[in-house]
Amino acid sequence: MHAARVLAQELGTSTNDAIVRLAEGGIAASERRRLVERLARERRETVARVGFADAVSFPTPDELRTAMLSGRREP
Amino acid sequence: MFPGNAYEQHLLERAAAGEPVALTAPSVLEVAYGLAKAAHSSGSGDAALAWFTRLATSDLVVTLPLDGAGAVVAGRLRAVQPVPPTGLRRAGTKPEQRAGWVLDLQIAACAWAHGHTVATDNRRDFDAISDLVAALYPSVQALEVIDAPAL
């Protein structure tokens, strides 16, 4: 109730109106948070997905060594 | 952003509203590097670095880590586009431009993997990165890029 009273005073409105505004703000924030979480989950699942053939084969030590160093060389 | 300006005010308001602004870890790295370098070269102390350190390690912002998924995406983006495609816009030597490009790839990948939008003054490069992300992962929503808010 304290937040509603403070907001009501700031906006020059009733406490009931402030409660409604706070509730709407909370719902909107919650929806934004859920959207971000959903996007992150979908994207991470996509990144982690690999084909079966790729999942059951492994790089050689030479391939991996070359790959690790290539990021430090000029393109 | 600097102490007392509109961006800091915006950041404080967002934190007070329970929706703190998110910074990617590579963005924090970039700013900390710039402030530390300036402090070393000017010898004028590191008040700015101290201010940013307090901010970046506080609850006023959320720092998005560059974790496994984000790092894989950044690496794949760099392999596809190792140098900035919009070279005309960037200042600095070629190595500096490339270092900036790698940071931008990390920032974009980090934000995308955490489900966030990038707000930037550098629309051309980040729009280009968004296209690269969309080409790599066409089945999911691409990186959203917006202009940094004019405050």
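Brief remarks on what is shown
- Boolean, residue B:140 is under 25 Å from residue A:32 (Cα atoms) and touching a Phe, Trp or Tyr at 6+ places or on another chain (Cβ under 8 Å): no
Here is a yes/no grid of residues against (1) closer than 29 Å to residue A:47 by Cα; (2) hydrophobic (A, V, I, L, M, F, W, C); (3) within 12 Å of chain A (Cβ to nearest Cβ):
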position: B:39; (1), (2), (3): no, yes, no
position: B:56; (1), (2), (3): yes, yes, no
position: B:60; (1), (2), (3): no, yes, no
position: B:98; (1), (2), (3): yes, no, yes
position: B:131; (1), (2), (3): yes, no, no
position: B:138; (1), (2), (3): yes, no, yes
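- Boolean, residue B:27 is part of a helix (DSSP H, G or I), outside the structural domain of residue B:128 (by TED's automatic domain parsing) and closer than 26 Å to residue B:149 by Cβ: yes
- Scanning segment B:2-24 for residues that are surrounded by fewer than 16 Cβ atoms within 10 Å (Cβ to Cβ), within 18 Å of the chain's Cα centre (by Cα) and not in a helix (DSSP H, G or I) yields one hit, B:2.
- Top-ranked residue of segment B:34-53 - restricted to ones that are part of a helix (DSSP H, G or I) and among the polar types (S, T, N, Q), ranked as nearest to residue B:113 (Cα to Cα): B:53
- Taking segment B:54-151 as the region of interest, the strands (runs of 3 or more DSSP E) fully inside it that hold 1 or more residues being loosely packed, with under 14 Cβ neighbours inside 10 Å and at pLDDT below 95 are B:145-147.
- The condition of being more than 29 Å from residue B:5 (Cα to Cα), among the aliphatic types (A, V, I, L, M) and touching a residue at least 60 places away in the same chain (Cβ under 8 Å) holds for only one of B:136, B:132, B:103, B:77, that being B:136.
- The set of residues from segment B:118-151 being closer than 24 Å to residue B:33 by Cβ and polar (S, T, N, Q) comprises B:120, B:122.
- Matching entry among B:64, B:103 (being closer than 28 Å to residue A:68 by Cβ and within 12 Å of chain A (Cβ to nearest Cβ)): B:64
- Checking the stated criteria, residue B:84 turns out to be farther than 30 Å from residue A:26 by Cβ, within 14 Å of chain A (Cβ to nearest Cβ) and in contact with a Gly (Cβ under 8 Å, 6 or more places away or on another chain).
- Criterion (over 27 Å from residue B:137 (Cα atoms), touching a Lys or Arg at 6+ places or on another chain (Cβ under 8 Å) and without any contact (Cβ under 8 Å) to a residue 24 or more places away in the chain) met by exactly one of B:13, B:19: B:19
- Counting only helices (runs of 4 or more DSSP H) that sit completely within chain A, those holding 2 or more residues that are at the interface with another protein chain (Cβ under 8 Å from one of its Cβ atoms) correspond to A:15-48.
The values are calculated or read from the model by the stated rules, or taken from the named source; none is laboratory data. Keep in mind it's a predicted model, so treat the numbers as computed, not measured. For neighbour counting, all protein chains shown are included, and Cβ atoms are generated from backbone atoms with ideal geometry for every residue, glycine included.
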